[in-house]
Each structure stands twice: as structure tokens, then as C-alpha cells.
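Notes follow once the structure below has been shown.
The values are calculated or read from the model by the stated rules, or taken from the named source; none is laboratory data. Treat the numbers as computed from the prediction; the structure is a model and nothing was measured. Cβ placement follows ideal geometry from the backbone for every residue including glycine, while neighbour counts extend to all protein chains displayed. Each accessible area value is taken on the protein alone, full model and side chains, heavy atoms only, with ligands, DNA and RNA left out. Shrake-Rupley method; radii C 1.70, N 1.55, O 1.52, S 1.80 Å.
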Amino acid sequence: MELSTGGAERAAYSLFQRLKQDPAVDDVVFVARAEHQAIGHSALFGSFRGRQDEILAAPPPVDGFTFQSLGFDVLKQLVNELISAIKPDVVHVHHFIFWGVEIFELFKQAGVRVVFTIHEFAAVCANYGQMIKVDGRLCHAASPAECGLCFPARSAGKFFVRNTILQSMFDHVDAFIAPSAFLKERYVAWGLPDAKTHVIENLLDAEVIARGRARAALPVQEEPIVSNDEEARAIVFGFFGQINPFKGVDILLQAASALPDTLRKRIEIRIHGENRHYRETEFGKRVEELLADTKDVVRLMGSYRNEEVSDLMAACDWIVVPSIWWENSPVVIQEARMAGRPMICANIGGMAEKIDRSTDLLFPARSPGALAEVMRTVVRQQTRPNAQHLNDLATARSNADDIHFARHRTLYDTLLLPARWQPAAVRAEA
């Protein structure tokens, strides 16, 4: 978590936190892939900050197309040493792209039950796992022929081989978890067995849950709607997350740029995140130009720690989730719900699936004009969802985490039922 704040890593670590608290689990160990410099020496393993149950591992490089390990013998040694040291009954993998897809087979050969939580479309789509065509259009279905059109340097036959390799490695997985029904649907259409693929939401960080529960316990205070425009305070729209070409921050900035001056005086847009990796790219330059055009309404808040997100979101009126790809189950939606904030989301993928239609608002994905119209309506009508309802939704999401954890545990127990009832060791891997 301290080394990477991606959604998959956060979901894996939150599950690890809950498993550690479960008295029925004898032992749980978290293993995360890291570079050698993070480990601090040239060995394959190292404990993180001296924590014996949090291990950093440095697997060999991986082929970026097929995700096969470029150092299989080293990977096999690494996995075998992990199994020998930890002796897990269940290995719960949250990603394979930096490990090598062979890890599923290696764990299975050692007699370990394997669970895999899918976080995006890496196996289905070679374009960063986003299911966006290289010309920017959304991709609705994948096939070797269509993928070959996106990447003409690779034939359809090579994509067929890629699919065959990945699906054959996935045959070693005992159970798949998709945090959204949308994600499951796409993967089942690609070739995953429906019966082995379970829809279970990711868990949230314990600190986010605790702060959400504390806020929900406070007396509800409805803010009065002010009819006099001169007296109305600015409505704060918040963006949270990575600033990259897929998260749609440029869509939000274009929407702000399209608003008339009379409305721009009545809003504030807070951008929480950073784009250092994209600063010198075409996307980064476009964002810089948009920021210059909207400097009267946009505040760059910088990066933030996970423990801070609940309070930062609570300071906003609306959380905007304008992603341009088929998000699975964005952690920002779960965090906004826990913070008691309503959302404005793009209407595709897991975003449309996860919102509350009586409170949150949708807009056609990738359309700055449509987002601007929603923002215009919010400002002019002083749209403000009922505070008590938002509070109730936060409480329900908090309680739902117990249900999501119980479903994970039930899945582990079911896999182990032929051998014994209680799992002795579970490992979550990011």
C-alpha cells in the first residue's frame, strides 16, 4: 500500500487486513511484487518495514504481450520458496501482469487452491487492458481478428495464440472473482467458465470504513438552499484518482471550459491527484492547456494519502467520476459513498452499475458537453441530495463490507471443503 496506491493493490491489502482479524484463519501473509531497490538488496524476497507477514518479492521480467515470464526457472524457484516458507492452503492472486501468468499453474501443481480477483481486461485486451481501440473508440467485444486490426504489426493468429496461452493458464484457477457483474459478463464472453466466476465487491480500507462510520454517526444537518445567486456559496466538484488518459480529467476540464462565466463564478473544481508520469506526453500537454483555460475555477490539490480521502471528499459537494473506459468497480465510488457524497459518473461499465440512481447522476461517457449540462443543472437548480439518504447509503456500504468479506471466506471454505473445513493460511497477492 505504501509503495503503490492502485485499486488492485488497495483491494488486496484491505482483504489482508480483514483476514488478519479473523480468528478462524490460522495465518495470513501478504506478498507484493516490488523492484529490487524497494527490497533493499539483491535477493528475491524481503520483508516490508520488518513486518514478517508482509513480503516484497522481485519476480523476473514479463513479456508485455502474453504476460509469460521471461525467467521461468527463477519464477518457479521464487514460487516454490514461497510455498515452502508459508505453506498456504489458498493463494488469492490480485494480479499477474508483473509476475507472469504461469504463477497459476505453479501454485496449482503444488496442490494449492487458487483464487484470482480480476481488476481490468488485461487478459482480453492488449491495449493496456482498457478495451479501448487504439483510435480511441470504446471496444465492445474482443476477437483475434478485431485485435489484429488494432495492432496491424501483430497478426490475428498471434492474438489467437495469446488467448490460448492465457486461457490455458486460467484453467489452473479454482475460482475467479469479478467485483462487478459487468466485468464478469465481459470475461465469460471471452472464455471464463460462468460457474467458476463469482461477483463479489472489493473490500475497503479499514481507515476509510472507520471514518465513514464515525461521520454517519453524527447528527444530520441539511444545508439550506439559497435562492439569491449573490449569496449562494460555490458548489465544489471533486475529482479523485490517477491523472492519466483513461480517468477523464480532461473531460471534466473541457466541461468546465464550456460553462458560461456566470456559472463558473459559482463553482469550484478540486483536482486531487497528480500526472507526473504523463507530463511530457500529448495527454499531459492537453491537460496543461485546459488547466490554463480553467484556472479561474480549478484548484490543483495534489496527491493524497488513502487515510485522507474520506475527509477530502466530505469537503466536496459532488464527486465526479468521468472515466472514458469500462471501469470495473472504481474504489473512488466506494470511497465517495462512505464519505456521504453524491456522484456524477460516466454511464458505462461498473460506474453505471455501482451508483444509486435516486441520488447520483449519470452523463454519456466521453461527452464534455453532456457533463457540462449536468453541472449546469446542479448549479442552477441548487441540486442537493437529501443528507439523511446519503447518510443511510454510507451506513449501508459500511455494513456491506462485512457481507463482502463473508463471501470471500465462504469461497475459500468451499474450495477447501474436500480436504478440511478451516483454512490454515491464506495469502493475498497484489
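Odds and ends about this structure:
- Protein heavy-atom accessible surface, 1.4 Å probe, per residue over the stretch 133-208: 46 Å².
- Protein accessible area in the chain, 1.4 Å probe - carbon and sulfur %: 52
- When only alpha carbons of the stretch 85-199 are considered, Rg and Dmax amount to 14.8, 47 Å.
- Counting only Cβ charges, +1 for Lys and Arg and -1 for Asp and Glu, the dipole size of the chain around its Cα centre is about 340 debye.
- The stretch 138-269 - Rg (one decimal) and Dmax (whole number), Cα, Å: 23.4, 65
- P(r) of the chain over all Cα-Cα pairs, binned every 10 Å from zero, in whole percent: 4, 20, 29, 26, 15, 5, 1, 0
- Using alpha-carbon coordinates, inclination of helix 7-21 to the longest axis of the chain, degrees: 70
- Residue 53 accessible area, assembled protein chains, probe 1.4 Å, Å²: 40
- Distance between the modelled labels on residue 189 and residue 214, one decimal in nanometres: 4.4 nm (7 Å Cα→Cβ projection).
- Values of log10 I(q)/I(0), in the order q = 0.17, 0.19, 0.24, 0.25 Å⁻¹, for the stretch 313-372 under a Debye, Cα-only, solvent-free model: -0.48, -0.60, -0.95, -1.02
- Here the sum of -39500 (n - 2.57) over DSSP H runs of 4 or more residues, divided by the residues of the chain, equals -12000 deg cm²/dmol at 222 nm, to the nearest 500.
- Subtracting the Cα-Cα distance of residue 274 and residue 138 from their residue separation scaled by 0.36 nm leaves 46.5 nm.
- The phi-based Karplus calculation (6.51 cos²θ - 1.76 cosθ + 1.60; θ = phi - 60°) puts the 3J(HN,Hα) values of the stretch 151-159 at 10, x, 6, 10, 6, 4, x, 5, 6 Hz, whole numbers, x for Gly and Pro.
- For residue 199, nonlocal amide neighbours, meaning residues 5 or more places apart or on other chains whose placed amide H falls under 5 Å from its own, are 178.
- Structural descriptor for the chain: relative contact order 20 percent, calculated from alpha carbon pairs under 8 angstrom and at least 6 residues apart.
- With a Förster radius of 45 Å applied to the beta-carbon distance between residue 282 and residue 74, the computed FRET efficiency rounds to 0.75.
- Potential lengthening between residue 149 and residue 417 on full extension [0.36 nm per residue; Cα-Cα distance subtracted]: 91.9 nm
- The stretch 107-154 - Debye-derived log10 I(q)/I(0), Cα point model, q = 0.15, 0.19, 0.20 Å⁻¹: -0.50, -0.64, -0.67
- Antiparallel %, DSSP beta bridges [both residues in the chain], to 5: 15
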